[in-house]
1. Taking a cut-off of 25 Å, what percent of all Cα-Cα pairs in the range 223-336 are separated by more than that?
2. May I ask you to list the GluC sites (Glu not before Pro) in the range 93-192 that are in a DSSP loop and have at most 11 other Cβ atoms within 10 Å of their Cβ?
3. At a threshold of 8 angstrom on Cα-Cα distance, excluding pairs fewer than six apart, so keeping six or more, what relative contact order does the chain reach in percent?
4. Taking the alpha-carbon set of the range 159-209, what are its Rg and Dmax in Å?
5. What dipole magnitude, in Debye to the nearest 20, does the range 272-377 give about its Cα centre under +1 on Lys/Arg Cβ and -1 on Asp/Glu Cβ?
6. Over the chain, give the accessible area per residue in Å² for a 1.4 Å probe, as an integer.
7. In whole Å, what is the distance between the alpha-carbon centres of the range 133-170 and the range 337-355?
8. Which value in deg cm²/dmol, rounded to the nearest 500, describes the helix-derived mean residue ellipticity at 222 nm for the chain, given -39,500 (n - 2.57) per DSSP H run of n ≥ 4 and division by the residue count?
Amino acid sequence: MVEESVVQRGLQDVVALESRICFIDGRGGRLIYQGYDIRDLAARSSFEEVAYLLWYGQLPSARQLHDLRQRLGELRTLPRPVLDVLDRIPADSHPMDVLRTAVSALAVFEPGESRPGESSIGGALRLTAVIPTILGYFHRRRTGAPPLTVNPELSHAAWILHALRDSPPTDLEVRALDVALILHADHELNASTFAARVTASTLSDLYSAITSAIGTLKGPLHGGANERVMELLAEAGNVDRIEAVVRDKLAKHERIMGFGHRVYKVEDPRATILRDWSRRVGEAKGDLTYFQLLRRLEDVVHAEKGLYPNVDLYSGSVYSLMGIPKDLFTPIFAASRVAGWTAHVLEEYQDLRLIRPMAQYIGPTDLTYVPIEQRPD
Ligand code: CMC
């Protein structure tokens, strides 16, 4: 029998590797990308600037940022065989499944961008550029909207809104989404980033790592929580019913999505910023319904469980106010987090060590094999 060791369920509190990309101060409620506080980045930078920071470890010059924007714009077109794959996917599929399938297909049709173990930024740029195209192409086909025309000039945030909607976005909408993308771009060893690094640590290729990450982000305990928050608001319908709905769920030992965090012991700083944007976009639309429901939800959940909001609480309200359907919330998360995922995979390749923990075996070790014909039915 193997000697007993302490089992850290869910790898809680385990420090698995060294990284320069992102730091979470869970008690101080701070989030740092490559040395810069998320609050400064959300107030003053853009998604593209943050992606550059994550990939290269420093802020870009004006020329470097211009070049990055240009390259992302040029890389937005999908190859015909991937469009053919998308055309065959049932229209009622979840967009996260579509995204996972399309990224995996892209690896087959563009093998050059995805060489195993290679620290090339080319694949990171390609995946970041193309995710909104995948989502827009599928979403327009399933809704019967006019086909997507690729626009290389737009910022990443404006391109996402262009891909997913017919009406041109306002400057406020583009900035609100840009801030949301900055806030979602990285978060240390969250489950999907860890999945990407585990895949990369076997010397597998970048596209396989990102396919693993997309499948991991999909779950409701991770990226999928934003979608469930809006379902809870719909279930409650009005502010007066929030308390009853929360109590009912807690009595059934259900989790309230958008609350709690493995690392933060105080409010997630991303939730603080998104709360403000939820209000701002609500005011601009003349509709503070979501904002008021969410404020009430915060009060009730804090009173009942002492839990603080996480990034997923307010993001869905911002996207809903922009007319984006809720099954696209987590894919938008992916359209941002791909910057962090790819930065981590590139870092993994530079400091490679196979990630392979152990399990504490709790089963028997001395059973006698019984031939099948002698086993009872
Ligand atoms: N609703 C109700 N109870 C909760 C919640 C919640 N959202 N979060 C934690 N708890 C309770 C949990 O039931 C447990 O109570 P008890 O000790 O009485 O059994 C206690 O708090 C500790 O929970 P845990 O599951 O051991 O803590 P964890 O670190 O594994 O959980 C979490 C982290 C994010 C999975 C959890 O807080 C949760 O399920 N939240 C809801 C889903 C969610 O919003 N996910 C988004 C996370 S942030 C963005 C992202 O990663 O994508």
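The values are calculated or read from the model by the stated rules, or taken from the named source; none is laboratory data. All figures in this text were calculated on a predicted structure; none of them were measured in a lab. Here the Cβ positions follow ideal geometry from the backbone for every residue, glycine too, while neighbour counts run over all protein chains shown. Ligands, DNA and RNA are stripped out before the accessible areas are found, and what is left, the full protein with its side chains, is counted by its heavy atoms. Shrake-Rupley method; radii C 1.70, N 1.55, O 1.52, S 1.80 Å.
1. Tail fraction, whole percent: 14.
2. Listed in order of number, the matching sites are Glu153.
3. 24 percent
4. 15.9, 45
5. Dipole magnitude for the range 272-377 comes out near 440 debye.
6. 48 Å²
7. 29 Å
8. Rounded to the nearest 500, it is -18000 deg cm²/dmol.
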